[in-house]
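Undergrad: My questions all concern the structure below.
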Amino acid sequence: MIITPPPMGILQVALDVPIDSLFDYLDGGFDVAVGQRVVVPFGRRRQIGIVVGKSAVSEVPSAKLKAIETAFVDEPPLDSDTFALLRFCADYYQYPLGQALLASLPGRLRQTEPAVSRKQYAFRLSPEGLAAEIEQLPRRKLIQRKLYAALREHGVLHESALPEISSGWRGAMQGLQESGWVEADEVLAGLSASVSAAVPPPPLNEDQTAALQRMQASEGFKAWLLHGITGSGKTEVYMQWLQLMLADNDGQALVLVPEINLTPQLEARFRSRLPHLPMVALHSNLGEAERLQNWRLAQSGIARIVVGTRLSVFTPLPRLRLVIVDEEHDGSYKQQDSMRYHARDVAMVRAQRAKVPIVLGSATPSLETWHNAQTGKYGLLTLQNRAVAKSQLPRIGCIDTNRVELQDGLSPALIEALRQRLQRKEQSLLFINRRGYSPVLLCNACHWIASCTRCSSRLVVHLRQSRLRCHHCGHEQKIVRQCPSCGNADLHPTGHGTQRLEETLARLFPTARIQRVDRDSTRRKEALADILQAVHADEIDILVGTQMLAKGHDFPNLTLVGVVDTDSALFSPDFRAAERLFAQLMQVSGRAGRADKPGEVLIQTSFPEHNLFNALRKHDYVAYADSQLQERQLAQFPPYAFLALLRAEANQYSLVQDFLNDALVLARQLSEHVLTYDPVRPQMEKLKGMERAYLLMQGESRLQIQQLLRQLVPQLRAHPLASKLRWTVDVDPLEF
DNA sequence: AGCACGCCGACT
DNA sequence: GTCGGCGTGCTC
């Protein structure tokens, strides 16, 4: 008797390979759903894949077809909303779907092994336990009584909350379970909840109340810009909105934060105020196991709030009700390799698809966002006042470096201001955007300059280590004592970096306690936290650092911020440099005088009358943004135009040139709407030994750009030179 | 991306 | 004679 095997279906599988196509496999008898993880044979190796479609037939000759090896049918498949979002992004950012899909998953789900989470439990009272009373428990079983009381109050308690009650909770809980009062449910691990009572919300000021009311009054998708200076209480608005939106339902919220170590702080604040809303964090500091757990808690709907960086914009959230993007102007939302998405823009698309509101918060919104708020596309919510009573805005002044003689890079006025702060036992902060001792090593005889051989950059002098370093590629060498060009032994470190400024300050103020904060001084894992701690403990008088210090922390006793060198950003060929500088200086100003002590900001510049500083002195973001927008409109730059960049690099510049020239011809043929400029070399013409150039495409709409790229990119992939050099497409590029 | 195949130079 | 350089091409 002949047994006919059951007919096999065809699965379209997306794989983590840089090929923009799907692969067909026989389902192997597995009952697989779309979105499921599968393991497939691929050439000589095994690959993890995601099923993106099913069908009865395949275009691929049946001799070529292989069957899947395994399907993880026990795991919940990727839901269709998240899947559709990733498909949209893969399309929009010109990136292979399989790579986009797989990159969005926690690392453990990219392996060909089944991913198991550690079992954890949530506890609740049994009917018997509910019927009982605490007095039935012996007095001396103190921990059991505490646990019982907590369970009565909270209903269900996750085990992560229990150490708060007692370190000996395990034994006591066991006792309660044995007596039949408590039942345990197995849950996914990783959720932290709290048994502490919610910290009561502070009263809101008028602006905050108005913002909340307007947000509450809208329904479905609606984008808001929450514009408020540092200290105006944006976080409070977020928290009360979360409470309003999530308290009496089972909805979920996505909260995006920039890629800095501020996530734990925000998390702690949220947790103390919203202890009843289970929250998970998703950021790069998590271990693999924890990341998987938290992701699954979001996917299963157990976690109600997800606080995370860029990548978490792709986290499956079946009951998404609202999205918050904090510090929306922050550049770290833009992925700068692989799929070059902008998490803020993706969040906007996500909110739109999910028909939920989204709030973008910032003191210095990106001009794109500001423009959208001006044209009415986004609702504008303004927080005018600082929420903390009595605190006032710092006085901002410029020091004209043309008119004074600098002493090792410092003006007399700034030195005097520092001296005053030391006398008053107040703290100061000096910003300088260069680490190292000096940015240039110069031969005074022949004007030779120490340069990197692999990059078009100067080598930075690090005097303490007696090294010359390239800050772009990591190349390092001993400091040369003699000019390699003319033999002169008189080489001068020229210009100032953090190390040199630290040295100068130590000489000017021998008794002051000075601390440098840059990538070099915070290499150790806990170093930055230790320094910030010391600042709070008043163990430091003067901080010298790079923009690392601009974000986040409040220093109540800090009353002076000095900005030493900014002028290079004023005349950068990157049209966004000024926007970034303004945001940075606004943020820096927020560091000064947050308590009841008035703060002062002093900026050393050769262009004190520059319109950027005029606006900054008045704390007038609006005026600056509007003037910048006018310039952008005249120049037809974003947000009045849309850009895409084709970057290419190779050891040989001629390769890059040939490729981009061909691409240019193609692009001009393919679109009469999109303006494609001749290839341009970036500031850093050579980086890590690679010669670089790019092609800029400019269109009136996203659609025009998309239509061009949809045709151009496949043709570029087929170009004979395409495999001989490295090239990428950057849609809506932020930096050039 | 991997991993094969493939066709030319200096080595035990 | 063969070890190995990385160019070319394919993976359902």
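Undergrad: State which residue is farthest from A:His471 (Cα to Cα) when the search covers only the range A:650-686 and only residues that are open to solvent by 40 Å² or more (accessible area, probe 1.4 Å) and assigned to a strand (DSSP E or B).
TA: Ranking the candidates gives A:Leu675 first.
Undergrad: Also: Only one residue in A:Arg523, A:Arg617 is in contact with a strand residue (DSSP E or B) (Cβ under 6 Å, 6 or more places away or on another chain) and open to solvent by 40 Å² or more (accessible area, probe 1.4 Å), so which one is that?
TA: Only one candidate qualifies: A:Arg617.
Undergrad: Which residues, taken from the range A:61-107, are assigned to a helix (DSSP H, G or I) and among the basic types (Lys, Arg)?
TA: A:Arg87
Undergrad: I'd like the full set of residues that are assigned to a loop (DSSP other than H, G, I, E, B), at pLDDT below 90 and either among the small types (Gly, Ala, Ser) or surrounded by fewer than 16 Cβ atoms within 10 Å (Cβ to Cβ) (or both), limited to the range A:176-196.
TA: Of everything in the range A:176-196, those that are assigned to a loop (DSSP other than H, G, I, E, B), at pLDDT below 90 and either among the small types (Gly, Ala, Ser) or surrounded by fewer than 16 Cβ atoms within 10 Å (Cβ to Cβ) (or both) turn out to be A:Ala189, A:Gly190, A:Ala193, A:Ser194, A:Ser196.
Undergrad: Quick one: in the range A:391-407, which of the residues that are touching a residue at least 24 places away in the same chain (Cβ under 8 Å) and closer than 16 Å to A:Glu609 by Cβ is nearest to the chain's Cα centre (by Cα)?
TA: The selected residue is A:Ile396.
Undergrad: Run A:Leu414 past the list (1) touching a residue at least 60 places away in the same chain (Cβ under 8 Å); (2) farther than 30 Å from A:Asp620 by Cα; (3) surrounded by 21 or more Cβ atoms within 10 Å (Cβ to Cβ) and report the number of the one that doesn't hold.
TA: (2)
Undergrad: Moving on. Only residues that are open to solvent by 30 Å² or more (accessible area, probe 1.4 Å), part of a helix (DSSP H, G or I) and in contact (Cβ under 8 Å) with a residue 60 or more places away in the chain: list them for the range A:580-597, please.
TA: Scanning the range A:580-597 gives A:Arg580, A:Gln587.
Undergrad: Take the range A:242-257 and flag every residue that is within 25 Å of A:Asp207 (Cα to Cα) and buried (at least 22 other Cβ atoms within 10 Å of the Cβ).
TA: A:Leu242, A:Ala253, A:Leu254, A:Val255, A:Leu256, A:Val257
Undergrad: Could you grab me the full set of residues in the range A:61-83 that are surrounded by 13 or more Cβ atoms within 10 Å (Cβ to Cβ) and either over 14 Å from A:Phe30 (Cβ atoms) or more than 15 Å from DNA strand C (Cβ to nearest atom) (or both)?
TA: Result: A:Leu65, A:Phe72, A:Val73, A:Glu75, A:Pro76, A:Pro77, A:Leu78, A:Asp79, A:Asp81, A:Thr82, A:Phe83.
Undergrad: Name every residue in the range A:128-149 that is crowded, with 18+ Cβ neighbours inside 10 Å and part of a loop (DSSP other than H, G, I, E, B), in order of residue number.
TA: A:Leu137
Undergrad: In the range A:501-520, what count of residues is obtained for those that are among the small types (Gly, Ala, Ser) and touching a residue at least 24 places away in the same chain (Cβ under 8 Å)?
TA: Going through the range A:501-520 one residue at a time, the tally reaches 1.
Undergrad: Residues A:Val313, A:Val323: which one is part of a helix (DSSP H, G or I) and within 15 Å of A:Val346 (Cα to Cα)?
TA: The conditions single out A:Val313.
Undergrad: Looking at the range A:35-52, can you tell me whether even one residue there is more than 14 Å from DNA strand C (Cβ to nearest atom), more than 30 Å from A:Ala354 (Cα to Cα) and out of contact with any helix residue (DSSP H, G or I) (no Cβ under 8 Å at 6 or more places or on another chain)?
TA: no
Undergrad: Same structure again: Restricting to the range A:36-60, give me the number of residues that are in contact (Cβ under 8 Å) with a residue 24 or more places away in the chain, open to solvent by 50 Å² or more (accessible area, probe 1.4 Å) and part of a strand (DSSP E or B).
TA: Looking only at that region, the number is 2.
Undergrad: Still on this structure, I have one more. Return yes when A:Arg454 is surrounded by 14 or more Cβ atoms within 10 Å (Cβ to Cβ) and either modelled with pLDDT under 90 or part of a helix (DSSP H, G or I) (or both) and no when it is not.
TA: Yes: the conditions hold for A:Arg454.
Undergrad: Could you tell me whether any residue of the range A:225-237 is buried (at least 17 other Cβ atoms within 10 Å of the Cβ), over 18 Å from the mean Cα position of the chain (by Cα) and among the acidic types (Asp, Glu)?
TA: Yes.
Undergrad: Residues in the range A:563-579 that are part of a loop (DSSP other than H, G, I, E, B) and more than 12 Å from A:His610 (Cβ to Cβ): how many?
TA: Qualifying residue count, the range A:563-579: 7.
Undergrad: For the range A:117-127, indicate whether the set of residues that are open to solvent by 20 Å² or more (accessible area, probe 1.4 Å), within 25 Å of A:Trp295 (Cα to Cα) and part of a loop (DSSP other than H, G, I, E, B) is non-empty.
TA: yes
Undergrad: Give the range A:31-70 a look and list any residue that's under 23 Å from A:Arg87 (Cα atoms) and within 16 Å of DNA strand B (Cβ to nearest atom), or say none.
TA: The answer is A:Val39, A:Val40, A:Phe42, A:Gln47, A:Ile48, A:Gly49.
Undergrad: Quick one: count up the residues across the range A:14-29 that are within 14 Å of DNA strand C (Cβ to nearest atom) and either among the basic types (Lys, Arg) or over 13 Å from A:Gly53 (Cβ atoms) (or both).
TA: 8
The values are calculated or read from the model by the stated rules, or taken from the named source; none is laboratory data. All values reported here derive from a predicted model rather than from experimental measurement. All Cβ positions, glycine included, derive from the backbone under ideal geometry; neighbour counts span all protein chains shown. Heads up: the accessible areas ignore ligands, DNA and RNA and are worked out on the full protein's heavy atoms, side chains in. Shrake-Rupley method; radii C 1.70, N 1.55, O 1.52, S 1.80 Å.
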